[in-house]
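Structure, as structure tokens:
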Number of protein chains: 4
Amino acid sequence: MAGTNKIRVGILGASGYTGAELVRLLARHPHAELRLLTADRQAGRKLAEVFPHLSGVALPDLVKIEDADWTGIDFIFCCLPHGTTQQVVAALPRRLKVVDLSADFRLADPALYAQWYGHEHQAVELQKEAVYGLTELNRAAVKAARLVANPGCYPTSVQLPLIPLIEAGEVAADDIVIDAKSGVSGAGRDAKQQNLYTEVSEGIHAYGVARHRHAPEIEQGLGAAAGKAVIVSFTPHLVPMSRGILSSIYLKLAGGASAEDLRDTLKQRYADEPFVRILASGQAPATRDVRGSNHCLIGVFADRVPGRAIVLGVIDNLVKGASGQAVQNMNLMAGFAETLGLEQQPLFP
Amino acid sequence: MAGTNKIRVGILGASGYTGAELVRLLARHPHAELRLLTADRQAGRKLAEVFPHLSGVALPDLVKIEDADWTGIDFIFCCLPHGTTQQVVAALPRRLKVVDLSADFRLADPALYAQWYGHEHQAVELQKEAVYGLTELNRAAVKAARLVANPGCYPTSVQLPLIPLIEAGEVAADDIVIDAKSGVSGAGRDAKQQNLYTEVSEGIHAYGVARHRHAPEIEQGLGAAAGKAVIVSFTPHLVPMSRGILSSIYLKLAGGASAEDLRDTLKQRYADEPFVRILASGQAPATRDVRGSNHCLIGVFADRVPGRAIVLGVIDNLVKGASGQAVQNMNLMAGFAETLGLEQQPLFP
Amino acid sequence: MAGTNKIRVGILGASGYTGAELVRLLARHPHAELRLLTADRQAGRKLAEVFPHLSGVALPDLVKIEDADWTGIDFIFCCLPHGTTQQVVAALPRRLKVVDLSADFRLADPALYAQWYGHEHQAVELQKEAVYGLTELNRAAVKAARLVANPGCYPTSVQLPLIPLIEAGEVAADDIVIDAKSGVSGAGRDAKQQNLYTEVSEGIHAYGVARHRHAPEIEQGLGAAAGKAVIVSFTPHLVPMSRGILSSIYLKLAGGASAEDLRDTLKQRYADEPFVRILASGQAPATRDVRGSNHCLIGVFADRVPGRAIVLGVIDNLVKGASGQAVQNMNLMAGFAETLGLEQQPLFP
Amino acid sequence: MAGTNKIRVGILGASGYTGAELVRLLARHPHAELRLLTADRQAGRKLAEVFPHLSGVALPDLVKIEDADWTGIDFIFCCLPHGTTQQVVAALPRRLKVVDLSADFRLADPALYAQWYGHEHQAVELQKEAVYGLTELNRAAVKAARLVANPGCYPTSVQLPLIPLIEAGEVAADDIVIDAKSGVSGAGRDAKQQNLYTEVSEGIHAYGVARHRHAPEIEQGLGAAAGKAVIVSFTPHLVPMSRGILSSIYLKLAGGASAEDLRDTLKQRYADEPFVRILASGQAPATRDVRGSNHCLIGVFADRVPGRAIVLGVIDNLVKGASGQAVQNMNLMAGFAETLGLEQQPLFP
């Protein structure tokens, strides 16, 4: 049934927002064909009943993961909750390539995982095998990987701007304050009182202050860039919008660098990247300008405080912060052009 | 510069929302190339400065319309305000094909135009020539047209469901109540106090009650279907959302038809249409399910009042209600596949 | 502890939005003292933990309803789910006056109740005793009542404008189309997927088409005004806003009346009412203008269709549509000035 | 006409959001009577035509400021744009007490004013006379003042938590990062494209990065507390909500203090304050919990980075950040109880 040059794709956990977003993106992908969609509680239904906006896409019915037939599948996107994911992935045939969107394989250190997730990792060998899929900064490893741990949404918005600056020695790795703002879709589609329209609309608040699980993921990446352990101040906030992350990052300049130097470093690093754009001096990025796209926009400002700079990064948390980057990684792993399925412009207004 | 099989496209008035939406859609069109963008007050700037979300698209700079060079252009989208549009279009070289998104050529009767717009039409011959571009219901004429009057957003959402029902004699043409709800982008990008975030958010109200200019446009189409003059009750409301129109239409059944008959008639009429979908019994369409797409969803219900039915139609006002339908019409006029540039799925959440 | 002229008030089911709204209003009431708050799942907690915005109010802790001590209580607001309410109210000491905000006592006809709620009413005697608390139109009965059934939010917004017009014979009772739009708080605070921010924001859709339980409540009131059975077309819609209802009502004029006659009738009927205001010709009411207040605004328009009129009514569903009207009824039942606790102006923007 | 114990109040510039908010609050004030409302472009109209939500309040018609009769007035709230304000206030009869809500009298240093506002101050004597109206921290001076400069919205949200901590020597005054988020009403009611619903909804972005005029106002207050010049990193963001400010403040602990010490210091300082509340450990304040009220909520957290703390302050920018604090100051200046007119609870949801 599949075209000869198409890979046959399965999505595990297709009834959540990241699953639906994968379907939206892959529906336009010329070399991928959706052949398997699992959703335990919705098994037997059509995805279009769960997500009417996807009615236009020809899709297999939802099945339980235990009923999945792996024989016709080449590639798996795993959108299951952390904790259960590791056992599911461990049970998959080894010939399948996998991009996992959960947090299960993001932390390389089993002790760190256990500390933040409250239990021992159940698939330590896979944890070692997994490649961290921050595409622009880990491209070669992703290309060669069988199992990719897709980065968290906040960590993507923070590491894309910061890692090149830390590697260049232009900012102090021991004085980083990250004030991050996210849309509500990051919390998923499960019914929770705190995510009701009436609770979120027309307000803003911080959450998970000083204890959000994306902090160690960020520190892992920044620490590798710095060549030493890094600890960051990281505070996420919930904003009344469905999509989008803005990370406002407050930095101390180092090595005699100026804010202009930071911008130059980023421009050079991302000059050939189709999805990352460094804004001109004086321009602040807005989440509305990346909505629905795989783009990351970065603005750089000299702070009023001498010797300090402000870096602002925006992404769509469901695209570059999740499903879009996952497709980007699949493209690399399958040897496709990296932008396939990801060419659409942002939707504004 | 253009590929051999590409038409060279110009957009007049590219700095408004419908202009930007055309650019978004045409950026992915395999057979169209944007060669001219006009915007009098923004001339000399790049469109990406006016609409940063379009930074990823290679585009010509904005020019004044008086500086436009028509020689390299095959096709024009006109997104200018009504009133001035008619003179601009009249001055274009006749060899150019045109889709006009203003109201200037929608009403066929010059007297009706003068009554609703307060002045005589300045290009009556063109008004006669213009073809009304409700694509699914006027396809043959659109294919052959040089000048297409792109329908209004509300009229599209109303006529797609109603015209087949009136033609089938299944609803009474003299007892039609339309309660329409629109997102704010329908009001354009000009700075107006009533469209400020603070004025619109978290509220709803009717506007233009019993005097909105889309009423005669609707009546023109329904009247043609009924074979007699039709007058409708039409009340638009402003909803705190950027995109989307929902028209809730209250109808008296005729000719012994039931609500199920209405659904069958619509299903049959739109069976082969890629952009129109008739929902199953009991399903109500939601604007979120068409956001960013050229889709139109229609739900049909028996009313509790015997002999009456409720028909609900939703579109994205900027796509099927404006720029998407315009591209659809261009595809027809240029002999392309009708769905080119319009294949993307809706964006949800 | 209570001042000598204060009534001692209990709220059953204080952890929902209508309970919280009662607390907000009664906190400023000079003659009411909150002495009992029940919330079974939250028993033992402070209300300020459940609703931090109410931290400034001195309140008793939440208790289970089975642990409630009725001895120190004079007046009860019952905010429990329909179905369970009737048994709870039946078990209360008869000396307590009660305003019930559920649907349990709104329908006077036990057969109608059974038909719409799927089971026999468990407290038919109380159902007979209950007075329908549409304050402005049933003031004398409310004053004398022991048990008041507080009207539903939609029925309040519909009946306040329609009942005087039907009584005056100025509109046809057999040709009424109601297109109602509500904010999300009407759905309560329980965690439901369809009320998540991500599901509701930036969209609109109809729900409960032709089968919403407020239809028979509306018909009961309009039927009494008309002196005959009435059946209405009633379609509710969910709007991305927390508070507010707009009912757009499409009417056939009767008895030779004009839209101006309708406005005059309403102006006369509500001339001395502090909470109901009839707008001037050409003015459409907006929900933003009643937010947080007990106000009802009504606009009247001649339709473009000869012989028809459009009436627009707006309220805040949590105030005049629920807790505000409940306090208004309490004031009457206790012999207080009707506006006590309800004097605040709307909050805009 | 005025009650014997009422002060007669005028509002200059009553057609903006802060003017309307003053009317909303003063409508319930037992000792204030609104006798004068100016609005040059709206002169001759009723305020209820400009702000229909205020229809229920008995008010004088709007007049031009040049037509104002000061003879019957005791107290002025000035809500005019900065720049023109200084001359208007200079021309007022000296017997009038004034609270000015513009920025004109907030900066004590004329050179600093000239630097940030681009022109010499036109009323330097008044600038010297003006008392900075951060009520809780400057109460004695406000009580004795004739002219009060009402603080900016951001500076209120920042100084209330920070000044006591700096005075206590518990945080380093030279390492302060403020990431502030505001609702859109802070931008006023003038029609500006960037504040349209379509531009703001469903997005977030920083603005005025490293050059916002509230930075020097904040530094003036913090510097006085520190006893030395202070320079802060201050970045405001625009959030899709009408009301509310959240300032997330990242601090270095000093003098051996812990985050718990910070909370204790704030709890002690504000123990008797009716409008300021320090949250318990682990609680983050939300703007929804102060909406429409004069409350300020403050949360304190130990950062993950050793030796650092996070302080979160929320207010309603139109109330405690503008008109509410203005009324609070008026109450002090007139010898009234400080909470008069400000007793209402927040509006949620």
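Annotations
- Leading residue at positive end of dipole, region C:154-316 (Cβ point charges), from C:Ser182, C:Ile204, C:Ile166: C:Ile204
- Selected from D:Cys296, D:Val232, D:Ser281, residue furthest toward positive end of dipole (chain D; charges at beta carbon): D:Cys296
- Net charge dipole, region A:154-316: roughly 300 debye, given to the nearest 20, about the Cα centre with Cβ charges of +1 for Lys and Arg and -1 for Asp and Glu.
- Rg in Å to one decimal, and Dmax rounded to a whole Å, for region A:217-286 via C-alpha atoms: 14.5, 40
- Taken one residue at a time, the phi angles of region C:48-62 give Karplus couplings (6.51, -1.76, 1.60, θ = phi - 60°) of 5, 6, 7, 10, x, 5, 9, 4, x, 9, 6, 9, x, 5, 6 Hz. Gly and Pro are set to x.
- Spin-label proximity, C:Thr84 to region C:1-41 - amide N less than 13 Å from point 7 Å beyond Cα toward beta carbon: C:12-16, C:38-41
- Helix-derived mean residue ellipticity, 222 nm - over chain A, DSSP H n ≥ 4, -39500 (n - 2.57), to 500: -7500 deg cm²/dmol
- In Hz, Karplus ³J(HN,Hα) per residue of region B:91-105 (6.51, -1.76, 1.60; θ = phi - 60°; x = Gly, Pro): 8, 6, x, 5, 6, 7, 7, 9, 10, 9, 8, 7, 8, 5, 10
- Debye intensity ratio in log₁₀ form over the Cα atoms of region D:1-63, taken at each q of 0.26 Å⁻¹: -1.14
- A dipole drawn for region B:154-316 from +1 and -1 charges on Cβ atoms has a positive end, and of B:Met241, B:Ala215, B:Gln193 the residue lying farthest that way is B:Gln193.
- Applying both filters, DSSP loop and at most 13 other Cβ atoms within 10 Å, to the trypsin sites (Lys or Arg not before Pro) of region D:198-291 gives D:Arg211, D:Lys228.
- Prolate/oblate/rounded label for the protein assembly as shown (Cα gyration tensor, a/c 1.5): rounded
- For C:Leu37, the residues 5 or more places off, or on other chains, whose built amide H falls under 5 Å of its own are C:Ile11, C:Val63.
- Here chain C is treated with +1 on each Lys and Arg Cβ and -1 on each Asp and Glu Cβ, and its dipole about the Cα centre works out to around 480 debye.
- Whole-Å semi-axes of the ellipsoid equivalent to chain D (Cα gyration tensor, √5λ, descending): 33, 21, 20
- Cut-off 17 Å (backbone N to label point 7 Å along Cα→Cβ of A:Glu260), residues of region A:163-182: none
- Equivalent-ellipsoid semi-axes for region B:102-192 (Cα gyration tensor, √(5λ), whole Å, largest first): 23, 20, 15.
- The angle separating the long axis of helix A:153-167 from the principal Cα axis of greatest extent in chain A is about 40 degrees.
- Inter-label distance for A:Val124 and D:Trp116, nm, one decimal - labels placed 7 Å from Cα along Cα-to-Cβ: 5.8 nm
- Region C:154-316: Cα Rg divided by the 2.2 N^0.38 Å rule of thumb: 1.04
- Rounded to whole numbers, the Karplus 3J(HN,Hα) couplings from phi for region C:220-234 are 4, x, 5, x, 4, 5, 7, x, 7, 5, 10, 10, 10, 8, 9 Hz, using 6.51 cos²θ - 1.76 cosθ + 1.60 with θ = phi - 60°, and x at Gly and Pro.
- The calculated FRET efficiency for the pair C:Arg8 and D:Glu49, based on their C-beta separation and a Förster distance of 41 Å, comes to about 0.40.
- Relative to the longest principal axis of the Cα atoms of chain A, helix A:324-334 runs at roughly 70 degrees.
- Here r is the Cβ-Cβ distance between D:Asp190 and A:Arg146 and R0 is 45 Å; the resulting FRET efficiency, rounded to 0.05, is 0.20.
- Alpha-carbon centroid distance for the pair region C:160-197 / region B:93-149, whole angstrom: 40 Å
- Using only alpha carbons, region B:236-326 has a radius of gyration to Kirkwood radius ratio (Rg to Rh) of 0.99.
- The charge dipole of the protein assembly as shown, taken about the Cα centre with unit charges on the Cβ atoms of Lys, Arg (+1) and Asp, Glu (-1), comes to about 0 debye, rounded to the nearest 20.
- Cross-link table D:Lys64/D:Lys97; C:Lys64/C:Lys97; B:Lys267/C:Lys192; A:Lys6/A:Lys97; A:Lys267/B:Lys46; C:Lys128/C:Lys267, entries beyond 22 Å C-alpha to C-alpha: B:Lys267/C:Lys192; C:Lys128/C:Lys267
- Ligands, DNA and RNA aside, B:Leu266 has an accessible area near 0 Å² when probed at 1.4 Å.
- By a 1.4 Å probe calculation restricted to protein chains, A:Leu34 has an accessible surface near 20 Å², given to the nearest 10.
The values are calculated or read from the model by the stated rules, or taken from the named source; none is laboratory data. Note that the structure is predicted; figures quoted are calculated from it, not measured. With ideal geometry, Cβ positions are generated from the backbone for all residues, glycine too; neighbour counts draw on all protein chains shown. Heavy atoms of the whole protein, side chains included, go into the accessibility calculation; ligands, DNA and RNA do not. Shrake-Rupley method; radii C 1.70, N 1.55, O 1.52, S 1.80 Å.
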